Amino acid sequence: MQKISVLLFLVWICFLFYAGIALFTSGFLLTRLELTNHSSCQEPPGPGFLPWGSQGEPRACWMDSRFSRLVLVLIDALRFDFVQPQRSNVPGETSVSLPFLGKLGSLQRILEIQPHHARLYQSKADPPTTTMQRLKALTTGSLPTFIDAGSNFASYAIVEDNLIKQLTSAGRRVVFMGDDTWKDLFPGAFSQAFFFPSFNVRDLHTVDNGILEHLYPTMDSGEWDVLIAHFLGVDHCGHKHGPHHPEMAKKLSQMDQVIQPPRGVVERLENDTLLVVIGDHGMTKNGDHGGDSEPEISAALFLYSPSALFHKAPPEEPEVVSQVSLVPTLALLLGLPIPFGNIGEVIVELFSEVEDSQPHSSALAQASALYLNAQQVSRFLHTYSAAAQDLQVTEIHRLHNLFSKASADYQRLLQSPQGAEAALQTVITELQQFLRGVRALCIESWARFSLVRMAGGAALLAAACFLCLLVSQWATSPGFYLCLVPVAWGLAGVILCAGLLAITGLKLDPVVLGAMAAVGSLVPFLWKAWPGWGSKRPLAALLPIPGPVLLFLFIRFAALFSDSFVVAEARATRFLLGSFILLLVAQLHWEGKLLPPKLLTIPRLGFSTPTAPPRHNSMQALWLGVTLLLCIRLAEFFHRCPEETPVCHSSPWLSPLASTVGGRAKNLWYGACVGALVALLVAVRLWLRRYGNLKSPEPPVLFVRWGLPLMVLGTAAYWALASGADEAPPRLRALVAGASVVLPRAVAGLAASGLMLLLWRPVTVLVKATMGTPRTRTVLTPFSGPPTSQADLDYVVPQIYRHMQEEFRDRLERNKSQGPLTVAAYKLGSVYSAAMVTALTFMAFPLLLLHAERISLVFLLLFLQSFLLLHLLAAGIPITIPGPFTVPWQAVSAWALMATQTFYATGHQPVFPAIHWNAAFVGFPEGHGSSTWLPALLVGANTFASHLLFAVGCPLLLLWPFLCESQGSGKRRQPAGNEAEARVRPEEEEEPLMEMRLRDSPHHFNTALLQLGLKYLFVLGIQILACALSASILRRHLMVWKVFAPKFIFEAMGFIVSSVGLCLGLALVMRVDGAVSSWFRQLVLAQQR
Amino acid sequence: MKDTDIKRLLYAHLLCIFSIILSIFVPSFFLENFSILDTHLTWLCICSVFVTAGNLVLYLIVKPNASSKRSSLSYKVTRFLKCCIYFLMSCFFFHVIFVLYGAPLIELVLETFLFAVTLSAFTTVPCLCLLGPNIKAWLRVFSRNGLTSIWENSLQITTISSFIGTWLGAFPIPLDWERPWQAWPISCTLGATFGYVAGLVISPLWIYWNRKQLTYKNN
């Protein structure tokens, strides 16, 4: 019963975390479905004829092309006020000294001299105002969010319909120069391209000078229809110096030169060419961008053509248009179909008939352009709402009605062309209303952070962390489990509420419902628990974590707020873990814990030199630590860069063997990988022989003996086939293909059946009914590493009778008079950890199969270093008998750190392009058809393998000190510091009880498991809390979408995997416990007969 | 323990700090273009030499540990040679630890090694001066309740603060500030130096403030 409530409590805590994560995510990560539909010339956006189209002109599409060529000068972060003139007429203002004002004088001059040819607009960008999202918006006309669902995470290439795609499919030559982000967004779309690296924010000139070198020659050559020049200098200057810096003035003047008539772009334009100068976003006072503040979203938009564009003079104050308006406008002006997903509204002024300045025909032209635009948007809205449900249905309905009405009015007007201008204006207004309504609707659901939800989610996460801390302290008190009752009441109440709401027809967001359930159960729990807790302890005890560990956790917490540290987290984690290990060694030495050889887990010392000076022991501990450091350092060779930059190269060993050239190297690597597999197998078997029992006739043991080698064989054969598939002779192709399907599945199936067997019969104990103490033994070499002498090999752990008798007495009182039982059970002392290690091995093999071959070496290191860490930690954990047992914070923190370190060491990075997509095809070389959950599962298992393994293996932290006891006892001298233990075990000197001590006090055992789970959840929880806080506080940061948001997503997924793994691991321990109990019962019954 | 002892300790530490200051300013008289950041390796060499010399001078003047019973020349020579070997070993040991902590393996070997030498000068040399080539005594000093004099206490504090300084010095390396001192191993050496100096300053003060509570086994 207690076990169940421990598990339930942990599940409830996990639920609190999940609710917090979900609430935060729903406020922070705005999502949108990407449609892959495309507009085409042949297919008009809606019913009705094309207004001017199909008149036989070669370049006519939905509309006649007005310009055949376009020069798009994109100046990154060109804020609107950068193009404003310096206003000296306002006295007393400091604006004169602002370095960014009045530097783009050529635009102003053009506006004054040729008012009908040029126009300046203030364009409003939609948040997130980061360059990549803005580029996406400027070409698709949509509202890109961070996660555009359905997009291909492996690359940034735009899959939606966009201007560039329309241009290339219309056969226009698009020449690009500048920021290399475009290369990722539009791979292979340009007829000619000059890309320059954009990642170095401190470099103001490389991109701009590179463009200037190519811009004029290219323009003069005439080999282009559309020329795009993306200058980055202004943006980089903003990031480096901010806008209020003389450097900004220089940069803007340089941009001015680009346009300025005598030598600049303007002189080179012809009559059929349109010049667009646009900033993709603005910048804050500090030069940052990414958020939604006014200076960030207001950018400049300047249009110019040598032929007259407008029939009215420009207004005093430049008009405000939304940034995406440019997309439909350019599309129609260039005679292209509007991209399918566009929700921008055409700038109507540009569609007036300039030559014949009749107001009526001009308005009609505007109306028809708007109508085309509205038809296209309506089509998009229809398609989108059919595919996704995140838009409000009522609003869609209203907009649909609006469009029907406007469309009817428009058709009526066309029937009677002499209609009044007023009617025309009404139609224009109606169409504009429709378009703006659609945009507002989309913005509402795609482009606005919900600060309330973000704050609520973060608060819930923080509360859950706090609860973990609190309860891990409090769990030892007896009345604890009563507090689960209010939790149940709270949950039941919320579920009831939800049911009532559902019946009354109110639809409630499941995320909000989850959060409500979390709060609704948390509050009664605290209500019930607080009086009992608060009265007992001072508040200082709220922070039970020892100082050094607290420092490490704080560093880990704080490091997630710095983008540099998140990018360099692989290195930082290794460094922290290394420091932690050496700190552990130093602490052990400092506190004199290394003096008694019992606690040092290397058996040789205890025997050989009973009077050894303590330095030997210190040296051994140091040796353990240094070996661990070496493992960590070796794992670094499999590092992957978050992004390929000149200063960071990913390890070449991450690629599959099939891609290596050179048969010899391939063979050597293959040998090494198979060697790693075999070493892993041998290590596990040796360990089991040493602690567990490989002689037991139980099915899991038989499976370990025979199934594991089979799995190794299958894996090795699969790798051989996969790496050499191309070289197979044609006759064997079919066989190879079949084998590469069957083998991975077979390995996975074997592992699954092994786990099933283990769950079915988890007790791996050999029972022998002999007289007296059994001394039959096998001589073994111990598991990897520490050398031992023969005399030390006293690892057979016969279970003594005392336990039987206790069990006996508990259950069958009449057995009191019975003498010593003549039953010896081998290896009962390690029954829990043997099951854990077996389960971990079964899980590791299929996970290993999902990785590239050479990662198997890392898996070997993983097992080795967790073994060493457990040994090191066990030295510092005192075994208190009869309890309470505790796992110290440093053990849990080091374990969690190592999980993160292994995540990086297996070639992962928390960015989407770094995901190992190949894992989806292991065992499914032909792909998965339409199913998505299976590839997602495979890729997820690959990505979070280390989280899973370490979380499942978490109970080992509790069990290991008991294992190490076996080596200490029998060769004990009475250490000074251990009187307590010596007092408790005077009579049982000869046989260590090991993990049976846990069984001796089931209450303490359960409490220890609960504490362990809570501590691990706390350590993971503060990481996810830090990620959430950093993402919300730094939501204006330049790197939020590149660094913080992906980190948050990976951390959240990792947390979910880890928490599930943790619960599974604890459940496994409990299952073993139950099985051991029933085994005892059977034994006792058998004895009676 | 008397106040005079603490005073002597303070003067000794001031001498050590002075040697570090000298290592910063003296070379610029003899070498052109000398600065800590640009010619970092030179400074590392000079600093180690100065600190070592300062410690040796202190050792000869103050003689903090009781004079050994044997004072034959051969004993002194072997002792000196042992000290040299220990010093070299500690340099190599630190080098290995740095590499294990993530320092580049092949590139910048000289920098890493000189850094190890400097850290050895800050930590191992005082240990050797005070305790001699006796690992047992070292281990005793660096464990709880193992101190026997204020000299050992100050040695403990300065050594630990040097290590902490080195450790903290590694933190700015990943940041994207693009400062010259963020390059390996400059920030770490600077951290070690600051830690050492801080330890030198703190330890007399700390001992002075806690002089009532401090009791040493032998005194």
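Bear in mind these aren't lab numbers, they're just calculated from the coordinates by the rules spelled out. All values reported here derive from a predicted model rather than from experimental measurement. As a convention, Cβ positions derive from the backbone with ideal geometry for all residues, glycine included, and neighbour counts pool all protein chains shown.
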Between A:Gln114 and A:His649, how high is the FRET efficiency from 1/(1 + (r/R0)^6) when r is the Cβ-Cβ distance and R₀ = 45 Å? Nearest 0.05.
0.30
For a test of the definition: using alpha carbon positions, the gyration tensor, and the 1.5 limit on a/c, classify the range B:47-147 as rounded, prolate or oblate.
prolate
Take peptides B:107-116, A:1066-1075 and line them up by average Cβ neighbours within 10 Å, highest first, as a rough protection proxy.
A:1066-1075, B:107-116
Contour minus end-to-end for A:Val512 and A:Glu223, with contour as 0.36 nm per residue of separation and end-to-end as the Cα-Cα distance?
98.4 nm
Which entries of B:Lys7/B:Lys136; A:Lys528/A:Lys1015; A:Lys165/A:Lys405; A:Lys285/A:Lys1042; A:Lys165/A:Lys250 have Cα-Cα distances beyond 31 Å here?
A:Lys165/A:Lys405; A:Lys165/A:Lys250
Neighbour counts of other C-beta atoms within 10 Å: give me A:Asp220, A:Asp76, A:Asp272 arranged from fewest to most.
A:Asp220, A:Asp272, A:Asp76
Size descriptor, Kirkwood hydrodynamic radius, that averages inverse alpha-carbon separations across the range A:221-325, Å:
15.8 Å
Determine by what factor the alpha-carbon radius of gyration of the range A:253-299 differs from 2.2 N^0.38 Å, reporting the quotient.
1.54
A:Phe466 to B:Leu175: FRET efficiency via 1/(1 + (r/R0)^6), r the Cβ-Cβ distance, R0 35 Å, to the nearest 0.05?
0.70
Run the quick spin-label model on B:Phe80 and A:Val523: label points 7 Å from Cα toward the beta carbon, then report their separation in nm to one decimal.
8.1 nm
Ranked on Cβ counts within 10 Å of their own Cβ, fewest leading, A:His241, A:His397 go A:His397, A:His241
Taking the number of other C-beta atoms within 10 Å as the exposure measure, put B:Trp181, A:Trp62, B:Trp209 in order starting with the fewest.
B:Trp209, B:Trp181, A:Trp62
Please list 3J(HN,Hα) in residue order for the range A:108-123, calculated via the Karplus relation 6.51 cos²θ - 1.76 cosθ + 1.60 where θ = phi - 60°; whole Hz, with x for glycine and proline.
4, 4, 4, 4, 6, 6, 10, x, 8, 9, 9, 8, 10, 10, 9, 9
Gain on full stretching of the segment that runs from A:Glu444 to A:Arg1071 - 0.36 nm per residue minus C-alpha separation:
220.7 nm
For peptide B:169-178, compute the average count of partner chain beta-carbon atoms within 10 Å of each residue's beta-carbon.
5
Which whole number gives the average, over all residues in A:631-642, of C-beta atoms from other chains lying within 10 Å of the residue C-beta?
1
At 7 Å along Cα-to-Cβ for each site, give me the label-to-label distance between B:Leu60 and A:Gln587 in nm.
4.4 nm
Under 12 Å from the Cβ of A:Ile347, count the other residues' Cβ atoms, weight Lys and Arg +1, Asp and Glu -1, and hand me the total.
-2
Residue of B:Val77, B:Val26, B:Val201 that the Gaussian network model of chain B assigns the largest fluctuation, springs spanning Cα pairs under 10 Å
B:Val77
Within-10-Å neighbourhood charge of A:Trp669 [Cβ basis; K, R +1; D, E -1]:
+2
Whole angstrom only: what separates the Cα centroid of the range A:308-352 from the Cα centroid of the range A:633-702?
59 Å
Within a 10 angstrom radius of each residue's Cβ in A:657-670, how many Cβ atoms of other chains show up on average? Whole number is fine.
0
Starting at the first residue of the range A:1041-1047, write each ³J(HN,Hα) from the Karplus equation 6.51 cos²θ - 1.76 cosθ + 1.60 with θ = phi - 60°, in whole Hz, x for Gly and Pro.
7, 8, 10, 6, 5, x, 4
Subtracting the Cα-Cα distance of A:Val742 and A:Gln433 from 0.36 nm times their residue separation yields 105.3 nm
Modelled FRET efficiency - R0 41 Å, A:His244 with A:Gln389, Cβ distances, 0.05 increments
0.30
Distance in nm between pseudo-label sites at A:Glu294 and A:Thr932 (7 Å out along the Cβ direction from Cα):
4.1 nm
Against the longest principal axis of chain B, how steep is helix B:3-25, in degrees 0 to 90 to the nearest 10, with axes from Cα atoms?
20 degrees
In whole Hz, with x marking every Gly and Pro, tabulate ³J(HN,Hα) for the range B:116-123 from phi via Karplus 6.51 cos²θ - 1.76 cosθ + 1.60, θ = phi - 60°.
4, 5, 4, 5, 4, 4, 6, 10
Where Rh is the Kirkwood radius over the Cα pairs of the range A:658-736, the temperature 20 °C and the viscosity 1.002 mPa s, what D in µm²/s does Stokes-Einstein return?
147 µm²/s
What does the C-alpha gyration tensor say about the overall shape of chain B? Classify as rounded when a/c is under 1.5, otherwise prolate if a/b is larger than b/c, or oblate.
prolate
